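Note sheet for the following structure.
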Amino acid sequence: MSEGDASTTSGWLRDEILPPLLILAVALTLWEVAVKSFDIPPWLLPAPTDIVDRFFKTTTLWYHTGFTVLEALAGFLISAILGVSLSAGIVHSRFLERGVFPYVIVSNAIPIIAIIPLLTIWFGFGIAPKIMICAIISFFPIVTNTTRGLKSADRRIIEFMRSINATRSEILFKVQLPSALPFIFASFKIAASLALVGAVVGEFYSSDLGLGYLIITSATQLRTDLLFVAIAVLAALGVGSFTLFGYLERKVTRGERIEEMQ
Amino acid sequence: MIDHVSLHFRSERGEVHALSDISLRVAEGEFVALLGPTGCGKSSLLRLISDLIPPTSGSITVRGGPASVARRVNQFGFVFQEPALLSWRTAIGNVRLPLEVVGYRPEQRTARCEELLDSVGLLKFKDSYPHELSGGMKQRVAIVRALTWNPSILLMDEPFSALDELTRAQLQDDLLKLWSRERKTVLFVTHNISEAIYLADRVVVMSPHPGRIKTILSPGLSRPRSEEMHESAEFMNWTRTARAALKS
């Protein structure tokens with residue numbers, strides 16, 4: 001392997017990780033210098049060092065983060081289980097496909113913000129309505145992508161399976177679901193970010209916990225440094241989930257990619 | 001064994017007769033080629049026989065019972081034009097797939113798969129993924145996949161038409177070797193005249209719109225076949241006859 005090869009670990013670090021880190025370092029330095037030299041008040045724009053300082057001083061941060069992650073994760077998991085199951089049903093039943101799909105599309109057309117008050121009336125101010133928001137907001141991409149993935153399975157393999165009297169569940173688990181995995185992980189990538197958004201928006205409306213609550217209160221109190229901390233944590237969570245599912249997606253598509261290239 | 005396949009077949013677009021009054025008897029262990037141009041319903045015929053689609057009229061009998069029963073007891077091994085392998089399974093994993101479905105004894109699965117892969121010279125590639133295999137190798141995997149659980153009837157839908165000339169010749173001989181060993185009844189769909197003559201005991205010549213049987217030839221060249229037979233006068237004669245039958 002040559003030295004510039006991105007597939008070696010050191011090469012990968014240099015080619016993939018180093019450029020964005022350099023850009024970030026330059027941007028943060030400029031920011032820091034600008035804040036200090038123009039004497040910008042911290043409520044308007046805190047310096048990066050102040051934000052880092054606030055990050056380590058905020059002892060309740062992990063408490064809030066944990067709450068938001070819990071909501072997003074629970075909603076996402078509910079959505080993933082229901083969404084993949086519904087897709088399996090849709091692929092196996094014409095009736096379900098025609099009867100349910102229009103409503104899946106309608107569910108995506110309603111702005112999530114508009115249902116939050118309703119969910120609050122029904123389920124109160126606790127964690128339940130937030131979990132539901134996360135589930136609803138991440139449902140659509142999971143159902144549409146998984147359905148597409150299940151349908152992408154090779155028609156002839158399915159014919160082969162039917163010719164040896166395979167049951168529908170054998171076809172589903174041995175052929176259709178594995179074929180759909182790249183699509184499913186791609187949809188999880190989108191859904192996980194959406195679930196985080198759902199959790200934060202839900203907390204905006206009614207909560208005394210979570211990163212959304214932290215953002216609202218620090219904004220009203222002009223504690224801009226804390227606001228930045230919350231945003232940074234959210235960004236890190238989003239990037240983390242995106243990277244995880246992106247990695248899984250690549251892992252399951254590797255074979256097909258190489259085949260396409262040939 | 002296939003007793004009196006007589007059927008009309010309508011497609012979704014109204015009254016298209018894909019197949020019109022087809023009757024055919026195939027003996028146990030016979031190698032029959034279905035030869036005809038695209039659109040003569042050869043592939044539909046295979047799907048009818050294997051109970052994947054129902055006939056509009058007429059009936060299909062396989063080994064004394066209806067086709068649906070034959071399908072339920074796994075009598076059919078299907079091979080398609082494309083290998084249609086599962087990309088996330090290795091060669092042996094693909095060959096093992098039907099054994100997981102038909103309820104083959106788990107402890108004998110690996111041995112059976114390895115034996116079959118070995119018979120087509122792919123044993124050392126058993127742990128390779130489809131994208132690491134050549135087109136001919138993939139099609140060999142697809143062929144042995146259709147044989148693992150010992151079905152009595154092999155249905156092949158233009159299995160070699162996507163391969164290059166040399167690979168095709170190699171696979172034809174591989175198939176004949178497998179056939180002489182495992183003694184399956186083979187229904188082999190092709191639009192290639194010399195392929196049909198070279199492989200089959202009988203060649204069913206079909207014509208399109210609607211698909212029907214024109215004539216049935218019995219070249220019966222001596223077995224085992226060899227490459228040189230392609231140049232023999234007998235072979236040429238049969239090719240000419242088949243071509244004339246297709247055109248008439």
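Other protein chain C-beta atoms within 10 Å of residue C-beta, averaged over B:71-77: 3.
Listed by chain and number, the aspartates and glutamates whose alpha-carbon sits under 13 Å from that of A:LYS130, ignoring those within fewer than 8 places in the same chain, are A:GLU71, A:GLU203, A:ASP208. When chain B is treated as a Gaussian network with alpha carbon springs shorter than 10 Å, the biggest mean-square fluctuation among B:GLU158, B:GLU227, B:GLU82 belongs to B:GLU227.
Peptides A:27-36, B:117-126 ranked from most to least packed, by the mean per-residue count of other Cβ atoms within 10 Å: B:117-126, A:27-36. Mean partner shielding of peptide A:159-172, defined as the number of other chain Cβ atoms within 10 Å of each residue Cβ, is 6. For the protein assembly as shown, the mean residue ellipticity at 222 nm estimated from helices alone is -19500 deg cm²/dmol, where every DSSP H run of n ≥ 4 contributes -39500 (n - 2.57) and the total is divided by all residues, rounded to the nearest 500. Computed about its Cα centre, the charge dipole of chain B is approximately 500 debye, with only Lys, Arg, Asp and Glu carrying charge at their Cβ.
Take the residue pairs B:LYS177/B:LYS214; A:LYS174/A:LYS251; A:LYS151/A:LYS189; B:LYS138/B:LYS184; A:LYS151/B:LYS126 and return only those whose Cα atoms are more than 24 Å apart. The answer is B:LYS177/B:LYS214; A:LYS151/B:LYS126. Among A:GLY240, A:GLY99, A:GLY75, the residue with the largest mean-square fluctuation in a Gaussian network model of chain A, with springs joining Cα atoms closer than 10 Å, is A:GLY99. Under 10 Å, Cα contacts only: if you run a Gaussian network model on chain A, which one of A:ILE184, A:ILE215, A:ILE157 comes out with the highest mean-square fluctuation? Of A:ILE184, A:ILE215, A:ILE157, the Gaussian network model singles out A:ILE157 as fluctuating most.
Relative to the longest principal axis of the Cα atoms of chain A, the long axis of helix A:18-38 makes an angle of roughly 30 degrees. Mean sequence separation of contacting Cα pairs (under 8 Å, at least six apart), scaled by the length of chain A, corresponds to a relative contact order of 24 percent. Counting, for every residue in B:80-87, the Cβ atoms of other protein chains within 10 Å of its Cβ and taking the mean gives 5.
Note the direction-averaged projected area, equal to a quarter of the hull surface, for the Cα convex hull of segment B:170-248, in nm².
5.3
Scattering from the protein assembly as shown was approximated by placing one identical point on each alpha carbon and applying the Debye formula without solvent; log10 I(q)/I(0) at 0.11 1/Å stands at -0.99. The lysines within cross-link reach of A:LYS57, meaning a Cα-to-Cα straight distance under 23 Å and a gap of 8 or more places when in the same chain, are A:LYS36. Note on B:MET229 and B:GLU28: the model spin-label points, each 7 Å out from Cα along the C-beta direction, lie 2.4 nm apart.
Coordinate-derived values only; no laboratory data. This one's a predicted model, so the numbers in the text were calculated from it and none came from an experiment. For neighbour counting, all protein chains shown are included, and Cβ atoms are generated from backbone atoms with ideal geometry for every residue, glycine included.
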